[in-house]
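Read-outs throughout are calculated quantities, based only on the coordinates presented, and are distinct from any laboratory measurement. Given the structure is predicted, the values throughout are model-derived calculations rather than measurements. Glycine also receives a Cβ, built like all others from the backbone with ideal geometry; neighbour counts cover every protein chain displayed.
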Amino acid sequence: MHERHRFTLFISCSNKMDSNFVTCKLCAKNLTSPCHLDCLHDFCRDCIQKELTQTFSSKLSAYSCPVCKQLTATKNKSSEKWAEQLPPSDFVGALAEVHRLKNEDVLCTPCKRKRKSTTGSKWCRSCHEALCKSCVEVHDSLKTTMKHEMMDLNEAKTSETKSLVYGPNCTIHDHQGLTLFCEDHDELICPLCAGAKHKECQQIRTVNEEVKAKSYEFQEASSKSSSQLQIAKKALVSTRSSISEVDSTFPNLRDKIRSVRNRVDEILSKCEKKSTEELGRLENEYRGKLEQDIQKLESLNAESSHTNQLLDHVKRFGTDGHILQCMQQVQERSKSNSEAFEEYRELKKLPKVSFAINRQLDEVLRSLSTLGDIVIDAEDLESKKSSSTKNGLDDNNRKSPERSYPKEHREFSVRTRSDENACVITGILSLPTLDWVFCDKGNSKLKLFDRQFQMKSEHIMQQSPFDVTLMEDQIIAVTIPENMKILIYKIMAGINLQEEIKTKDRCFGISYTSSENKFVVTCPYGSPASLRLLSRNGEELMNLIPEENHGSLFLRPMYVRFDASGNSLLVSDSQRNRVTAITRSVYRRFHYTHSNMKGPRGLALAANGDLFVVGWGSDSVHRVDDAGRFREEVLCRHDGICSPQAVCVSFDQSQFALSLDDVSCKSDFILIFSV
């Protein structure tokens, strides 16, 4: 085997066990029959059952971990039924049993089954049970157990933990260890399973061989878990520090505002009230966002710390079977959490807030409407960079949008009777018939509504859709990121699947040009993030990974649209806070950035070439011309917009539809505005 692939997982490991690791956080006792939640925190199964029964009287849709507050979906099952289906923690259970063996007076297991309390004297390494002297004699006399290896319990208390930990057993064949791994089915199996269910499988190896083959993957998972823990810790410290800065900055500014007021006449009391209310709004906004970050980071920190501890313990004390189990669990959880950790990889800095006193205060005392301006220095690196457009325009020279009066609009609910979760509409499409198609990520559905916004049909999917594009009059294409597929549907009276296209990566945003019969999709979680140009049958024609200043042009491309000509691509990058227009020859036409545009997501094109851009982080919608120049702020939070997600202009160009993210608490509704 090549030197760099040599198996070196288990070298010089400490034998000291962390008793807290095998303690249930609900009953504060040694874990008994442990099971784990999605976040991999372990609890006694009876404790979880009791907790749910006491807390919830009916069906629940999600359960919050008592330690890290991360949610585990329950799919509206009763507490009893859901708790029974939680996966067992084989390694932690074995480790807890060894901890009990080494630190407590262990009773004879067979006697305990007979409701007798007899102190054990021996430990059967095959059955993993304590036996008293009488039961040892019976054990040695039975044909099936007479050759089992026995160990004195006193000797067990001083033995190495790793030598006592037993591997996971098969759930189908009692007392059969999971000593084999089937590559064809990607699962641990026992020898009896290999001869039955897996007798046709070609790739079956011992767990020892499999662990050696995947030693690099385990090290990579351990390294990534450590890195994520450091990100969470660092960001948590920084965000807590920002809260302290809020506590010191805003009172000082409030005092300064009051000192200015003392210099002027009573007529300025209205101005003081206006300024302090604006300051209070900003304080609440900053504090609220920071507290949300802290709550999320504390959750990520608790989960990462436990995952790190889990990997460390399984590395030191677990069997090969445990290592494979834990590695699969951690890799799956790490994959689902990657977006959350990426959000905090670069530390967020609290914008500097100050109060600029009006220089002409004494001269225009009677005409003042405010005491001064609350100045926010966001220290946004992107806004400091030159963002010249093709016409030489700079973000700093653009006209700041004026806050307009709330726009008249109407809203309707896209929630249907069979929906179990909150709707999360990530893709919207208007058809030539003026019907509407919505991608409901929250309930894994495609939903069809007519022009009066009455539901016509819905299509339940195995995995959640993300974005949708029009191919022909009644033909649409939908991205399914988790399945790495693009599904083609025909819309008639209902939604009918026509074709499946397999992709090489998870695709999110999608657009189609009928003039060339080509797709373009975004792959925001690829390494690196990229755009993919695909043929009508899914063949990859080009992988666009443009660079700028020796770095990737895209960090998190989410939505993409072909322009009217089909020659340029418009891409929203939520990580870089901008919309980029490039040609297929990777020539950058423009970057669109704006101080009032944060976290751009959904994009929609109007017939005149104008682009509607959704600002998820700034609660706004901007209209931009085809050269990347700001036209107007169509909507802002004063219009009741909170965390907008996707936007679509109707086929007749008379109105546009806007969806809200689930953090807005109004994600079940679509807002309709006149163009």
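Structure notes:
- Coarse-grained scattering of the chain at q = 0.06, 0.08 Å⁻¹, given as base-10 log I(q)/I(0) from a Debye sum over alpha-carbon atoms: -0.46, -0.78
- Pairwise FRET efficiency - E277 versus C201, Cβ, R0 = 56 Å, nearest 0.05: 0.20
- Distance histogram for region 198-257 (every C-alpha pair counted, 5 angstrom bins, percent rounded to whole numbers): 4, 14, 10, 10, 9, 8, 8, 7, 6, 5, 5, 4, 4, 3, 2, 1
- For the residue pairs K289/K485; K77/K289; K335/K504; K29/K116; K69/K233, alpha carbon separations beyond 24 Å are given by K289/K485; K77/K289.
- Packing, as the average of other Cβ atoms within 10 Å across residues, places the peptides 469-476, 516-523, 658-665 in the order 516-523, 658-665, 469-476, highest first.
- Helices in the chain that qualify as membrane-span-like (whole DSSP H runs, Cα extent of at least 27 Å along the helix axis, mean Kyte-Doolittle hydropathy of 0.5 or higher) do not occur.
- Cα pair count fraction exceeding 26 Å, expressed as % - region 82-216: 36
- Förster-model FRET efficiency, 60 Å R0, S241 and R113, C-beta, rounded to 0.05: 0.60
- At R0 = 45 Å, FRET efficiency that the Cβ-Cβ distance of T55 and K102 yields, to 0.05: 0.85
- Counting 0.36 nm for each residue step from T144 to K233 and taking away their Cα separation leaves a gain of 26.8 nm.
- Listed values for region 197-212 are Karplus-derived 3J(HN,Hα) couplings in whole Hz (6.51 cos²θ - 1.76 cosθ + 1.60, θ = phi - 60°), namely 4, 10, 5, 8, 6, 9, 10, 10, 10, 6, 4, 5, 5, 5, 5, 4, and x replaces Gly and Pro.
- Taken along the Cα-to-beta-carbon direction at a fixed 7 Å, the label points for K256 and D419 span 4.6 nm.
- Residue-wise HN-Hα coupling along region 434-442, computed from phi with Karplus coefficients 6.51, -1.76, 1.60 (Hz; x: Gly, Pro): 6, 6, 10, 10, 10, 8, 9, 5, x
- Segment K349-Q292, extension gain: residue separation times 0.36 nm, minus the distance between their alpha carbons: 19.0 nm
- Shape box of region 409-543 [Cα atoms, principal axes, largest first, Å]: 40, 31, 30
- All Cα pairs of region 12-171, percent lying beyond 25 Å: 41
- Among 551-560, 599-608, the order from most to least packed when residues are scored by Cβ within 10 Å on average: 551-560, 599-608
- Anchor K502: aspartates and glutamates whose Cα lies under 14 Å away (excluding residues fewer than 8 positions away in-chain): E482, E539, E540
- Straightening the chain between R588 and M492 buys 30.6 nm, computed as 0.36 nm per residue apart minus the Cα-Cα spacing.
- Protection proxy ranking, peptides 487-495, 161-169, average beta carbon neighbours within 10 Å, highest first: 161-169, 487-495
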